[in-house]
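For reference, the structure discussed in these notes is given below.
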There are 2 protein chains.
Amino acid sequence: MTVTLKHVAERAGVSRSAVSRCFTEGASISGKTRAKVERAATELGYCPNFLARSLTTRSTRLIGLVSNNFHNPVFLQIFDLFTRGLQDRGLSPLLVNLSEETAPARSVQMLRQYSVDGVIVASSTLPSGFARAFRDAGLPVVHAFGRPADRPDVHVVGIDNVACGRMAARTLIGRGYARLGFLGGPETASTTQDRMAGFLAEASRHPGTGMAIRFADAYSFDAGRTAMQAGLAAGSTTEAWFCGDDVLSLGAISALRDAALSVPGDVGVIGLNDMEMAGWAGVALTTIHQPFAEIIGASIDVVAAMLDDPARPPDSRSFPCRVIERGTLRAPP
Amino acid sequence: MTVTLKHVAERAGVSRSAVSRCFTEGASISGKTRAKVERAATELGYCPNFLARSLTTRSTRLIGLVSNNFHNPVFLQIFDLFTRGLQDRGLSPLLVNLSEETAPARSVQMLRQYSVDGVIVASSTLPSGFARAFRDAGLPVVHAFGRPADRPDVHVVGIDNVACGRMAARTLIGRGYARLGFLGGPETASTTQDRMAGFLAEASRHPGTGMAIRFADAYSFDAGRTAMQAGLAAGSTTEAWFCGDDVLSLGAISALRDAALSVPGDVGVIGLNDMEMAGWAGVALTTIHQPFAEIIGASIDVVAAMLDDPARPPDSRSFPCRVIERGTLRAPP
DNA sequence: CGGAATCTTGCAACGCGTTGCAAAACGGGT
DNA sequence: ACCCGTTTTGCAACGCGTTGCAAGATTCCG
């Protein structure tokens, strides 16, 4: 038996509107009635029904948080930051797990049914068409960890993956490595493509630099390990790898060490993300730091801004990354 | 401009009720009108509003998923299983991150505002009073990874932590270790207490068994590492540790290896959980497997059953665990 | 073909809260 | 006490969909 506005109104001896106004920011209400209402409300344990309110205010403060990365440990940090950030602004995350899905239709439908105020697509592997589907359904959307562009279809917040690829190549070449390798995630992901493009472009500016390319079919430890094993079986002589993700790096390193190769003694590895685990003693992965807190903060800012102005023309924000030196590359000469 | 029931009704030339019934399972409607309505609906891109519906049906199919474990990688698997399991039953998880909170009041309020149909508290570190607060607010609740009991306050699904403690002790003693150690999580957590109780009880049945006890102040790598470092600094001669969590085990192992102790050569370690990472090549943690899929499946079953019968008397389900042999204990003599 | 049984349908009221509007209450100045 | 300008208040309609009820349409049967 839920207690409603009406019960409170009766007990306080005022009209329903008065009670409503008592719980509405900035509504006109006298101190006296407010006191009466508040007493009645606490006595009855009244809690306003957001969903009924949303019918007239047309705002639910519900945000769809859509992701398909439930196997990359870095996403636990990401969910932590997103949920805390949203809660701090009085928004509530409705989580959608896409792990088995590839078509946006079902999640669009689900989020429309719940009248979410906005959607955050948090994934570096979903194609940009996925986020577009939400926009087409009239939902404000921001693609976090997507591919920044000059004239994006939807709001994007992420990093310059091409620049990261170049940074990785410059770093490796600066350490005197000559035969480089790129170990990417799923080949179709734009992030993979961009990181590779930057890496290759920078490498090609340095004559005498060799290049090997491999793809893992997921951003996971096993996929990284398997891909590296395949490389080794094929007789790889690569001196240093740029892996498109930390968890891929860890899988690759485990394959290298199993093959009695020392990292960084025989082969160097640089990752990307700087997940928490990369800093663990004993892991000590040299990697390119992706500024999660800033990206997520900006994504939430954008979605919050769209609540007020849904038609805001999409823009693209890109945050700078930097190399975090740990223990999987040899020292500069 | 959202399209509503009314628009569809007008376009199809029928009443609003007819349209409503068309989207209601098992309502009486003729094939002819159904066809008319469905055509109009797809033409307009109509999507029923769950929230408005919930006003009369008193069911939102929203489930609050409450947790404070956003730093233990195993929880990514847990969220994956929960979100998929809920979605498969047509339920939607509203995620509440308690990382900074200790009082239930705010989350209770938040979930009441959204009229969630039920709440799953997924945490092994929250006191049982936390889950009780939801029950007291009239919300069906199940505490996953809580402490099973004979007459629980709320529904509980978990493991028999005392039995796990005993199992760990039996395993270590069976390998011929004589000086044992327990490295627990936060001392106040009931899981820590129970695992320790079982471990000590079993150890005490074997005369000549030594015992050291340490607590980490969180279920995290760093906390485990720090606690183990403190033990080593104090001159620990423990031969084998039971760590109350895998991520604690990893921290402990890193401290041991930094101190030039080999695992399992000099010191044995057994963890608890069997997180994905425990099976990674190069990690190979011997551990007690906690059957996540079953626990989560059962939790969802319980919460789903409570949707129909909210007054169901609370019960407690406990799933058996088993030792997973990998590489951090020496072989049996 | 008539009448009873069964389906379908629309009406109107309801779920919970919000809000424009006009009436009522209040405050201040003379 | 009176008048005028502000607040404050309640009424009533609305947001979107559901549902009990009774009337209308079908079907079935003899």
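The values are calculated or read from the model by the stated rules, or taken from the named source; none is laboratory data. A quick note: this is a predicted structure, and the numbers were derived from the prediction, not measured. We place every Cβ from the backbone using ideal geometry, glycine too, and count neighbours over all the protein chains shown. Only protein heavy atoms, including side chains, enter the accessible area calculation; ligands, DNA and RNA are left aside. Shrake-Rupley method; radii C 1.70, N 1.55, O 1.52, S 1.80 Å.
Structure notes:
- Any hit, the range A:115-122, residues being open to solvent by less than 30 Å² (accessible area, probe 1.4 Å), in contact with a helix residue (DSSP H, G or I) (Cβ under 6 Å, 6 or more places away or on another chain) and either of a type in the set (S, T, N, Q) or free of Cβ contacts under 8 Å to residues at least 40 places away in the same chain (or both): no
- Note on the range A:80-139: among residues that are in a strand (DSSP E or B) and small (G, A, S), the one that is nearest to A:E187 (Cα to Cα) is A:A122.
- Counted residues, the range B:14-26 - those being more than 7 Å from DNA strand C (Cβ to nearest atom) and loosely packed, with under 14 Cβ neighbours inside 10 Å: 2
One line per residue, one yes/no per condition, for (1) within 16 Å of DNA strand C (Cβ to nearest atom); (2) under 30 Å from B:A216 (Cα atoms); (3) in contact with a helix residue (DSSP H, G or I) (Cβ under 8 Å, 6 or more places away or on another chain):
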position: B:A41; (1), (2), (3): yes, no, yes
position: B:T56; (1), (2), (3): yes, no, no
position: B:G85; (1), (2), (3): no, no, yes
position: B:S99; (1), (2), (3): no, yes, yes
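- Top-ranked residue of the range B:26-44 - restricted to ones that are within 24 Å of A:D136 (Cβ to Cβ) and small (G, A, S), ranked as nearest to DNA strand D (Cβ to nearest atom): B:A41
- Each residue in the range A:272-292 was checked for being closer than 13 Å to A:V74 by Cα and not aromatic (F, W, Y), and 11 pass.
- Enumeration of residues in the range A:41-55 that are of a type in the set (A, V, I, L, M, F, W, C), open to solvent by 40 Å² or more (accessible area, probe 1.4 Å) and at the interface with chain B (Cβ under 7 Å from one of its Cβ atoms): A:L55
- A:R58 fulfils the conditions (1) on the phi > 0 side of the Ramachandran plot; (2) open to solvent by less than 30 Å² (accessible area, probe 1.4 Å) except for a single criterion, (2).
- Residue list for the range B:40-89, restricted to those being over 17 Å from A:T60 (Cα atoms) and touching a Pro at 6+ places or on another chain (Cβ under 7 Å): B:L65, B:P73, B:L76, B:F82, B:T83, B:L86
- Complete set of residues in the range A:66-78 that are at the interface with chain B (Cβ under 7 Å from one of its Cβ atoms) and either under 9 Å from the mean Cα position of the chain (by Cα) or not in a loop (DSSP other than H, G, I, E, B) (or both): A:F75, A:L76
- Single condition B:V303 does not satisfy, out of (1) part of a loop (DSSP other than H, G, I, E, B); (2) in contact with a Pro (Cβ under 9 Å, 6 or more places away or on another chain); (3) surrounded by 17 or more Cβ atoms within 10 Å (Cβ to Cβ): (1)
- Residue satisfying all of: in the range A:27-39; part of a helix (DSSP H, G or I) and touching a helix residue (DSSP H, G or I) at 6+ places or on another chain (Cβ under 8 Å); farthest from DNA strand C (Cβ to nearest atom) among these: A:R39
- Number of the condition not met by B:D266 [criteria: (1) touching a Phe, Trp or Tyr at 6+ places or on another chain (Cβ under 8 Å); (2) farther than 17 Å from B:G185 by Cα]: (1)
- Looking only at residues of the range A:85-106 that are touching a Phe, Trp or Tyr at 6+ places or on another chain (Cβ under 8 Å) and within 10 Å of chain B (Cβ to nearest Cβ), we find that the one that is surrounded by the fewest Cβ atoms within 10 Å (Cβ to Cβ) is A:S99.
- Test: residue in the range A:1-22 that is within 30 Å of A:G297 (Cβ to Cβ) and either outside the structural domain of A:V119 (by TED's automatic domain parsing) or without any contact (Cβ under 8 Å) to a residue 60 or more places away in the chain (or both): no
- In the range A:172-183, the count of residues that are open to solvent by 20 Å² or more (accessible area, probe 1.4 Å), assigned by TED's automatic domain parsing to the domain that holds A:P264 and part of a helix (DSSP H, G or I) is one or more.
- When residues in the range B:264-293 are screened for being within 14 Å of another protein chain (Cβ to nearest Cβ), in contact with a Ser or Thr (Cβ under 6 Å, 6 or more places away or on another chain) and either open to solvent by less than 10 Å² (accessible area, probe 1.4 Å) or not in a loop (DSSP other than H, G, I, E, B) (or both), 3 of them pass.
- Options A:D308, A:D274, A:D315: the member that is at positive phi and of a type in the set (D, E, K, R): A:D274
- Of all residues in the range A:27-40, those satisfying the criterion of being open to solvent by 40 Å² or more (accessible area, probe 1.4 Å) and small (G, A, S) are A:S28, A:S30, A:G31, A:A35.
- Scan of the range A:11-25 for residues that are in a helix (DSSP H, G or I) and away from DNA strand D (no atom under 11 Å from the Cβ), ordered by number: A:R11
- Out of A:A240, A:A230, sole residue that is free of Cβ contacts under 8 Å to residues at least 24 places away in the same chain and not charged (D, E, K, R): A:A230
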